[in-house]
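Have a look at the structure below before the remarks.
The values are calculated or read from the model by the stated rules, or taken from the named source; none is laboratory data. Note that the structure is a prediction, hence the values are computed from the model and not measured. Counting neighbours? That spans all protein chains shown, and the Cβs are built from the backbone with ideal geometry, glycine included. Side chains are part of the model used for accessible areas, which takes the heavy atoms of the whole protein and leaves out ligands, DNA and RNA. Shrake-Rupley method; radii C 1.70, N 1.55, O 1.52, S 1.80 Å.
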Amino acid sequence: MRSKKLALPYAVWMAAFTLVPLILIITNSFQDSSGHFTFDNLYKAWEYREVFLYSLEIALVSTLICLLLAYPMSYMISRMSEKTQSIIIMLITVPMWMNFLLRLLGWVILLQNNGPIDTLLNLIGIDVQLKDNDGAVVLGMVYEYLPFMIMPLHTVMSKIDKSLIEAAQDLGSNGFNVFRKVVFPLSVPGIVSGITMVFVPSASTFLVAQYLGGNKKMIGDIIEQYFKSDQNTGSAIALCLMVVILLFIIITNQFGDEEAVGV
Amino acid sequence: MRKIHLPQKLYMLLIFIFLYAPIAVFVVLSFNDANSATNLDGFTFRWYKEVFDDRMLMQSLRNSLVIAFLSALFSTILGTTASIGMYNFRGAPRKIFQTISNIPIINPEIVTGFALMLFFTFFGRLCGFEMGFMTVLLAHIGFCTPYVILSVSPKIRQMDKHIYEAALDLGCNQLQAFFKVVFYELLPGIVSGFLISFTYSLDDFVISYFTCGPDFQTMPIVIYNSLRRPVYPKISALSTMLFVVIITVLLLTNLRDIRASKKEQK
């Protein structure tokens with residue numbers, strides 16, 4: 001119990017399976033296929049800057065929509081009785097137990113031409129292209145990561161001391177002011193960790209844009225494309241993605257308690 | 001507690017419809033007699049029978065379960081010992097340890113997968129092994145252990161240190177004191193760490209995809225390979241079954257928790 005030595009196996013493990021692979025990504029980024037030092041891979045990665053921007057844009061829009069949808073939801077849940085809360089939270093996490101690829105395919109089937117939603121809309125005279133556009137990609141991301149926004153928000157909101165809200169009401173605040181001055185400031189750590197938990201995976205995910213966006217590619221799809229053909233360029237792109245994500249996390253952490261992130 | 005008004009109920013209902021819509025698609029397709037995603041053609045149970053005759057699918061399910069069990073087991077052991085060791089660290093070393101441990105959680109999955117692929121091919125060439133069962137298992141232990149640490153560490157901090165000392169005073173050696181006293185105090189954290197690891201491992205596609213090599217397949221990889229073909233009703237049937245099992249287990253544990261908390265209130 002007192003011994004620091006118990007941490008030794010995991011320390012060795014992390015050195016081998018976390019740090020060495022990351023070092024390999026860095027060294028591979030600056031090598032050509034025969035092992036000579038080069039900057040070519042980074043130039044090649046630079047050519048994908050538009051894909052990078054597209055991925056960040058999709059991730060940003062998806063994160064905002066998740067926040068807008070999840071915030072009222074989490075607030076409502078946090079005001080229910082404790083028993084109901086735990087059941088509702090469980091029901092929100094249940095869909096995540098079905099494989100991500102299957103749920104993605106579920107949306108492909110729902111949104112396709114002559115699929116169920118398209119047929120319904122046609123009946124009332126609306127004819128729109130549901131799939132193969134950026135809206136569908138955002139829908140896929142929001143679907144995939146909405147629970148990651150609801151859960152941290154719910155955690156912080158359910159911990160808000162009810163007597164604080166009552167005190168604000170006693171002191172004459174109306175509903176809006178109670179929200180603005182008490183609930184919102186106390187929920188900031190949840191917002192910060194929710195944003196990280198949605199933004200990071202949606203910026204780096206692959207397959208969603210291919211299947212819902214009509215073969216569009218996000219940065220994850222590009223890395224996957226290089227997985228078998230050119231590992232040096234793949235590494236350079238992965239390195240850039242990692243740096244972007246790291247910057248994002250550092251910036252968001254400025255706004256809140258960093259302990260909340262990653263939990 | 002305020003009552004929930006109708007618009008709020010409606011809002012929650014819509015969110016739930018959104019969350020469950022694609023799952024409903026699979027439940028419907030698994031009972032659909034036509035081998036297609038667009039035509040509904042009568043009700044059938046045949047996919048549920050055929051699933052068990054599909055050798056590749058059953059093999060991949062077995063692979064997934066074995067990997068999930070072993071990676072949950074090893075990451076629980078590794079993570080629990082690491083949490084106890086880390087508890088004795090102070091200041092900067094602790095911060096560094098924690099940060100490195102969180103890398104697999106924070107880093108995009110695709111980067112972790114790609115990095116491990118580089119690692120395994122590099123050492124595979126040096127030591128003469130190919131990617132397969134072992135590499136997937138190692139990769140899974142790697143991304144599961146941080147979650148075990150996150151669920152065990154708080155329990156160590158909450159634990160009353162004196163009971164460990166009391167056990168030593170009463171004549172236990174360190175190992176006995178751990179298994180007879182400390183272990184039970186940490187048990188809820190250890191169990192939830194094990195369960196998180198098991199489910200994350202079972203569901204993982206990205207990291208397995210990069211580390212599985214040419215001949216080893218888990219369930220999610222078989223699903224991925226079948227995506228390009230017309231929808232595979234047997235996979236719908238198998239997933240529906242797994243889903244029902246998981247929901248039942250979750251509901252039962254949840255109900256048990258609620259009963260337990262009711263008893264406590266009495």
Of the residues in region B:228-240, those that are surrounded by fewer than 19 Cβ atoms within 10 Å (Cβ to Cβ) and either at the interface with chain A (Cβ under 9 Å from one of its Cβ atoms) or part of a helix (DSSP H, G or I) (or both) number 0
Residues of region A:13-58 being in a loop (DSSP other than H, G, I, E, B) and on the phi < 0 side of the Ramachandran plot, in sequence order, are A:Phe30, A:Asp32, A:Ser33, A:Ser34, A:His36, A:Thr38, A:Phe39, A:Glu47, A:Tyr48
A careful count of residues in region A:78-95 that are assigned to a helix (DSSP H, G or I) and either facing another protein chain (nearest Cβ under 7 Å) or in contact with a Leu (Cβ under 9 Å, 6 or more places away or on another chain) (or both) gives 10
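Yes/no matrix, rows are residues, columns are (1) surrounded by 18 or more Cβ atoms within 10 Å (Cβ to Cβ); (2) under 18 Å from the mean Cα position of the chain (by Cα):
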residue	(1), (2)
A:Asn99	yes, yes
A:Val108	yes, no
A:Gln112	no, no
A:Asp118	yes, no
A:Ile126	no, no
A:Lys131	yes, no
A:Met141	yes, yes
Being in contact (Cβ under 8 Å) with a residue 40 or more places away in the chain and either in a helix (DSSP H, G or I) or open to solvent by 30 Å² or more (accessible area, probe 1.4 Å) (or both) is the filter; apply it to region A:156-178 and report the residue that is nearest to A:Ile250 (Cα to Cα). A:Val156
Residues that are touching a Phe, Trp or Tyr at 6+ places or on another chain (Cβ under 8 Å) and more than 8 Å from every other protein chain (Cβ to nearest Cβ): does region A:64-73 have at least one? yes
Need the failing condition index for B:Phe123 against (1) free of Cβ contacts under 8 Å to residues at least 40 places away in the same chain; (2) more than 7 Å from every other protein chain (Cβ to nearest Cβ); (3) buried (at least 22 other Cβ atoms within 10 Å of the Cβ); (4) among the hydrophobic types (A, V, I, L, M, F, W, C), just the number. (3)
Which residues, counting only those in region B:104-143, are closer than 20 Å to A:Lys228 by Cβ and of a type in the set (Gly, Ala, Ser)? B:Gly113, B:Ala115, B:Gly124, B:Gly132, B:Ala139
Going through B:Ile110, B:Ile84, B:Ile106 one at a time, which residue ends up being buried (at least 16 other Cβ atoms within 10 Å of the Cβ), touching a residue at least 12 places away in the same chain (Cβ under 8 Å), closer than 24 Å to A:Leu22 by Cβ and within 9 Å of another protein chain (Cβ to nearest Cβ)? B:Ile110
Could you tell me whether any residue of region B:241-250 is at pLDDT 85 or above, surrounded by 12 or more Cβ atoms within 10 Å (Cβ to Cβ) and under 25 Å from the mean Cα position of the chain (by Cα)? yes
Residue check for B:Leu19: at pLDDT 85 or above and farther than 22 Å from A:Leu212 by Cα: no
Just one listed residue, out of B:Val51, B:Val28, is of a type in the set (A, V, I, L, M) and free of Cβ contacts under 8 Å to residues at least 60 places away in the same chain, and it is B:Val28
Can you tell me which residue in region B:36-70 is surrounded by the fewest Cβ atoms within 10 Å (Cβ to Cβ), limited to those that are within 14 Å of another protein chain (Cβ to nearest Cβ) and farther than 20 Å from A:Trp97 by Cα? B:Asn39
I want to confirm something. Restricting to region B:149-186 and keeping residues that are of a type in the set (Gly, Ala, Ser) and in a helix (DSSP H, G or I), which single residue is surrounded by the most Cβ atoms within 10 Å (Cβ to Cβ)? B:Ser151
Single unsatisfied condition, A:Lys181 versus (1) part of a helix (DSSP H, G or I); (2) charged (D, E, K, R); (3) under 21 Å from B:Ala24 (Cβ atoms): (3)
Among the residues of region A:35-53, is there at least one that is open to solvent by 30 Å² or more (accessible area, probe 1.4 Å) and in contact with a Gly (Cβ under 7 Å, 6 or more places away or on another chain)? no
How many of the residues in region A:12-29 are within 7 Å of chain B (Cβ to nearest Cβ) and within 28 Å of B:Met159 (Cβ to Cβ)? 3
